[in-house]
1. Kirkwood hydrodynamic radius (Cα pairs, Å) of region 152-303?
2. Quick one: among G142, G122, G96, which has the greatest mean-square fluctuation in a GNM of the chain with alpha-carbon springs under 10 angstrom?
3. Hey, rough spin-label estimate for E106 and K230, points 7 angstrom out along Cα→Cβ, what's it come to in nanometres?
4. Calculate the FRET efficiency for D303 and A187 from the Cβ-Cβ distance with a Förster distance of 25 Å, rounded to the nearest 0.05.
5. Which of K86/K137; K86/K195; K88/K221; K86/K217; K230/K285 have a Cα-Cα distance over 29 Å?
6. Between L222 and R276, what is the label-point separation in nm under the 7 Å Cα-to-beta-carbon projection?
7. Pairwise over distinct Cα atoms, reciprocal of the mean inverse distance: report the Kirkwood radius of region 43-298 in Å, one decimal place.
8. Considering only protein heavy atoms, what per residue accessible area in square angstrom results for region 43-298 with a 1.4 angstrom probe?
Amino acid sequence: MDSRISSSASSVSMVIFLAAVFLAHLHSSEAAVSKGSFEDNFSIMWSEDHFTTSKDGQIWYLSLDKDTGCGFQTKQRYRFGWFSMKLKLVAGDSAGVVTAYYMCSENGAGPERDELDFEFLGNRTGEPYLIQTNVYKNGTGGREMRHMLWFDPTEDYHTYSILWNNHQIVFFVDKVPVRVFKNNGEANNFFPNEKPMYLFSSIWNADDWATRGGLEKTNWKLSPFVSSYKDFSVDGCQWEDPYPACVSTTTKNWWDQYDAWHLSGDQKMDYAWVQRNLVIYDYCKDSERFPTTPEECSLSPWD
């Protein structure tokens with residue numbers, strides 16, 4: 001991770017307070033969508049002994065200690081759709097700890113993978129969590145954005161969602177669009193739209209870069225660090241080899257109809273507010289890393 005990506009922000013407390021007021025009406029809970037048990041949807045990727053559930057099996061816990069973290073992935077792959085999960089992040093001093101919630105075309109970090117990332121970057125007690133998103137195509141990422149949140153993500157569950165169709169990828173937090181990544185409708189090297197993806201989540205140590213560019217290290221005396229999950233929901237095109245019928249007829253699904261190809265009027269208002277107040281870093285504006293502006297940065301999120 002490039003250490004030049006700054007995670008500093010001024011007047012953080014006031015911004016978050018104003019954000020909470022501005023967006024309070026959007027914090028109503030989404031209707032729970034049952035998609036079966038954890039075992040129906042997911043497999044443990046590693047360290048099964050670091051995974052636990054609530055007594056009723058509806059809440060899932062991943063833990064990180066000095067030995068290892070833990071992760072899970074969906075049993076199915078999808079190409080396009082709506083993907084949603086409620087998360088509650090590690091509370092207290094979480095510097096160096098990353099909770100990742102992402103989609104990827106491969107089980108490992110292969111050199112040709114496509115990937116859509118939510119990464120939650122821990123911090124020292126009293127400092128805000130940062131949320132980092134990234135987009136990979138054919139193994140090339142580097143398209144980071146970082147945002148503050150308008151709430152404390154350790155106090156309660158909040159919904160993190162990805163809308164993915166052939167026109168745009170939108171990252172949502174509690175129904176608020178925080179990032180819009182557009183396609184140009186042509187063959188290109190930036191928009192992942194060809195490979196089906198699994199959905200993953202994991203918790204792991206990244207104190208070489210995650211908090212203040214690696215200056216703040218994980219305090220292992222406070223381990224285990226635990227993140228929790230519930231209410232997984234997917235409405236997408238489930239992949240079937242060699243080629244699922246739904247990919248060629250996606251306009252029958254709400255997530256790939258005209259209204260899902262663009263932000264609505266209300267979504268544009270919320271997105272504009274987020275852009276003005278909560279963006280910490282945008283790779284499109286980093287001329288030091290990218291002397292030539294990446295092609296996709298010229299595409300308007302408003303179209």
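1. One decimal place: 18.6 Å for the Kirkwood radius.
2. With Cα springs under 10 Å in the chain, the top fluctuation among G142, G122, G96 is at G142.
3. Roughly 3.6 nm, to one decimal.
4. Working from the Cβ atoms, E equals 0.85.
5. Numbers: K86/K137 26 Å; K86/K195 25 Å; K88/K221 21 Å; K86/K217 27 Å; K230/K285 35 Å.
With Cα atoms farther than 29 Å apart: K230/K285.
6. Simple spin-label model gives 3.4 nm for this pair.
7. Details: mean 1/r = 0.0528 Å⁻¹.
It is 18.9 Å.
8. Ligands and nucleic acids excluded, the result is 42 Å² per residue.
The values are calculated or read from the model by the stated rules, or taken from the named source; none is laboratory data. Note that the structure is predicted; figures quoted are calculated from it, not measured. Cβ sites come from the backbone with ideal geometry, for glycine too, and all protein chains shown count toward neighbours. For accessibility, only protein heavy atoms count, side chains too; no ligands or nucleic acids. Shrake-Rupley method; radii C 1.70, N 1.55, O 1.52, S 1.80 Å.
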